[in-house]
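Enquirer: Supplied in structure tokens, the structure appears directly below.
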Amino acid sequence: MKTKEQLIDDLLDLAFAEDVGDGDHTTLSTIPADEKGRSRLIVKEPGILAGVEIAKKVLHKVDPSINVEVFIHDGAEVKPGDIAFIAEGPVRSLLVAERTMLNIMQRMSGVATMTRKYQDRLKGLHTKVLDTRKTTPGMRLLEKQAVKIGGGENHRIGLFDMILIKDNHIDFAGGIEKAIKAAQDYCKANGKDLKIEVEVRSLDDIRRVMAVGGVDRIMFDNFTPELTREAVKLVGGKYETESSGGITIDTLRDYGETGVDFISVGALTHSVKGLDLSFKAC
């Protein structure tokens, strides 16, 4: 299995392959090969900055000779007019890197900004907001990194690093008990040390999960805040708890006040507007 660094490198290779093709002919035709210059990353709207470290990777992938001076780091609150960094080097290289770098930074900053907005609604509570697998194909690692930068927590990265028994798994497996026991047997037979989470649809489902035991977290799917409060009390701290399904920024606090440990929100990554940034000569 590829490492995170290898997957990010593959993403950058694909990004440049689709953008540059056989050459940036506008730049090649208008800018001398030996021309040097400086460009600055300018913030154009308020939010949480994310992607500065990845931006350095993008620039250095195009041209290792580019020097980057960073003034604002990932996770900082920014406002219009702020200068995040200045990059200096061959002008052709700066222009080739510009769009790919901005696309990534704008997306990551949008995710971080959205995450901070959600997590701020839970101030004073122990509840943490979680991301989901509802991410942009190829961008998952960077979007999940942006969630962390914004103050949220990552759920599983993919299908490989946690067992999440959802309603379809339960139905196809023949019930909650069979699904849990099958997952436990699978981990034992294959030497896998994976956390097991089970999605439930009712208080009776919770009782059935707890009767089997051997899981790490119980997810309350589409529960109301009132039912969630009952569910948290029923679990009694024996397992981690998570709320999921249709929870919005307006209802988030209501769920957090039930005492649930985590709230997963797909909107952190699937309904995000990129933060407006620009990369201009200086």
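Enquirer: Starting from the Cα-Cα distance between residue 86 and residue 227, subtract it from 0.36 nm times their residue separation and give me the gain in nm to one decimal.
Expert: 45.6 nm
Enquirer: Would you list which aspartates and glutamates come within 17 Å of residue 273, measuring only between C-alpha atoms, while excluding same-chain residues fewer than 8 positions from it?
Expert: Cross-link targets: 45, 77, 131, 143.
Enquirer: Treating cross-link reach as a plain straight distance, find the lysines whose alpha-carbon is under 26 Å from the alpha-carbon of residue 233, omitting any fewer than eight places away in the same chain.
Expert: Excluding near neighbours in sequence, the set is 123, 128, 166, 178, 181, 195.
Enquirer: Right, something else. Among 141, 130, 14, which one shows the highest mean-square fluctuation when the chain is modelled as a Gaussian network with alpha-carbon springs under 10 Å?
Expert: Largest GNM mean-square fluctuation: 14.
Enquirer: Now a separate question. Quick one: P(r) of the stretch 62-102 from all Cα-Cα pairs, 10 Å bins, percents rounded to integers, in order of increasing distance.
Expert: 25, 50, 24, 0
Enquirer: GNM, the chain, Cα, under 10 Å: largest mean-square fluctuation among 253, 156, 201?
Expert: Greatest mean-square fluctuation among the candidates belongs to 201.
Enquirer: In Å², and per residue, what accessible area does the chain have when probed at 1.4 Å with the other protein chains present?
Expert: Accessible area per residue: 50 Å².
Enquirer: Would you compute, for the Cα atoms of the chain, the largest minus smallest coordinate along each principal axis and list the three values in descending order, in whole Å?
Expert: That gives 72, 42, 23 Å along the principal axes, largest extent first.
Enquirer: Of the heavy-atom accessible surface of the chain (probe 1.4 angstrom), what whole percent is carbon and sulfur?
Expert: With neighbouring chains kept in place, the figure for the chain is 51 percent.
Enquirer: Take peptides 203-210, 216-223, 185-192, 111-118 and line them up by average Cβ neighbours within 10 Å, highest first, as a rough protection proxy.
Expert: Going from most to least packed, we get 111-118, 216-223, 203-210, 185-192.
Enquirer: Turning to a different aspect of this structure: When the helices in the chain are scored as -39500 (n - 2.57) per DSSP H run of 4 or longer and the sum is shared across all residues, what 222 nm value do you end up with, to the nearest 500 deg cm²/dmol? Intermediate results must be reported in sequence, preceding the final value.
Expert: Values: 11 runs with 126 residues, N = 282.
Computed mean residue ellipticity for the chain: -13500 deg cm²/dmol.
Enquirer: A follow-up question, please. Restricting the count to DSSP beta bridges whose residues both fall in the chain, what percent are antiparallel, rounded to a multiple of 5? List each step's numbers first, then the result.
Expert: Values: 18 of 36 bridges.
Beta bridges within the chain, antiparallel portion: roughly 50 percent.
Enquirer: Based on the Cβ-Cβ distance of residue 193 and residue 73, what FRET efficiency does E = 1/(1 + (r/R0)^6) give at R0 = 35 Å, to the nearest 0.05?
Expert: The calculated FRET efficiency here is 0.55.
Enquirer: Which of 110, 21, 256 ends up with the largest GNM mean-square fluctuation for the chain, with Cα atoms connected below 10 Å?
Expert: Fluctuation is largest for 21.
Enquirer: Sticking with this one: Please give the FRET efficiency for residue 56 paired with residue 203, using the beta carbon to beta carbon distance and R0 = 51 Å, rounded to the nearest 0.05. Walk me through the numbers on the way to the answer.
Expert: Details: r = 50 Å, r/R0 = 0.98.
E between residue 56 and residue 203, to the nearest 0.05, is 0.50.
Enquirer: Moving on. Can you work out the FRET efficiency for the pair residue 270 and residue 211, with r the C-beta to C-beta distance and R0 = 45 Å, to the nearest 0.05?
Expert: Plugging the Cβ-Cβ distance into 1/(1 + (r/R0)^6) gives 0.80.
The values are calculated or read from the model by the stated rules, or taken from the named source; none is laboratory data. The model shown is predicted, which means the values in this text are computed figures rather than measured ones. Here Cβ is always computed from backbone atoms with ideal geometry, including for glycine, and neighbour counts include all displayed protein chains. Ligands, DNA and RNA are excluded from the accessible area calculation, which covers all protein heavy atoms including side chains. Shrake-Rupley method; radii C 1.70, N 1.55, O 1.52, S 1.80 Å.
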